[in-house]
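Have a look at the structure below, then the notes.
The values are calculated or read from the model by the stated rules, or taken from the named source; none is laboratory data. Quick caveat, the model's predicted, so the values are computed rather than measured. Cβ atoms come from the backbone with ideal geometry, glycine included; neighbour counts cover every protein chain shown.
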Amino acid sequence: MHPYPITGRLISAARALVGVSQQELAEASGIPLTSLAQMEAEGSAMIASGSDADAVRRALEGFGTVFIAEGDGFGAGVRLKFRRDDARQISRLETEGGIVGSDDVP
């Protein structure tokens, strides 16, 4: 379990940031599309199901997002894991038959 909860708005923002549909995210997270749609529809409410929230978070992190906790007077948010140039380079290397490795970085 992550140290801070996520909301439907964070899920929507992260999904928009990486350009995946609700259907793609539902498949990647292993939760029903209707459950994902309900999560996003709840807006700023915290996601009640920790296991569903963790599954969605892991899937979005796999697509290249980073969740940012509230702190220092700012609210929670999301951003891209890699700079645009880094993402292009990774994509190019993976499509050229190079070594495919984990995109997880500290």
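Can you tell me which of (1) in a helix (DSSP H, G or I); (2) under 18 Å from residue 62 (Cβ atoms) is the one residue 31 doesn't meet? In the conditions (1) in a helix (DSSP H, G or I); (2) under 18 Å from residue 62 (Cβ atoms), residue 31 misses (1) alone.
Quick grid of which residues meet (1) closer than 13 Å to residue 12 by Cα; (2) modelled with pLDDT under 75:
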residue	(1), (2)
56	yes, no
69	no, no
72	no, no
83	no, yes
93	no, yes
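Checked against (1) modelled with pLDDT of 85 or more; (2) surrounded by fewer than 14 Cβ atoms within 10 Å (Cβ to Cβ); (3) assigned to a loop (DSSP other than H, G, I, E, B), residue 104 passes all but condition (1).
Any residue in segment 70-90 that's assigned to a helix (DSSP H, G or I) and surrounded by 15 or more Cβ atoms within 10 Å (Cβ to Cβ): show its pairings with residues that are of a type outside the set (A, V, I, L, M) and modelled with pLDDT of 65 or more at Cβ separation under 9 Å, as long as the two are six or more apart or on different chains. From residues that are assigned to a helix (DSSP H, G or I) and surrounded by 15 or more Cβ atoms within 10 Å (Cβ to Cβ), the pairs are 87/64; 87/81; 90/82.
Which residues, taken from segment 25-45, are acidic (Asp, Glu) and under 14 Å from residue 9 (Cβ atoms)? 40, 42, listed by residue number.
Residues in segment 1-18 that are loosely packed, with under 15 Cβ neighbours inside 10 Å and modelled with pLDDT under 90 were compared, and the one that is nearest to residue 51 (Cα to Cα) is 1.
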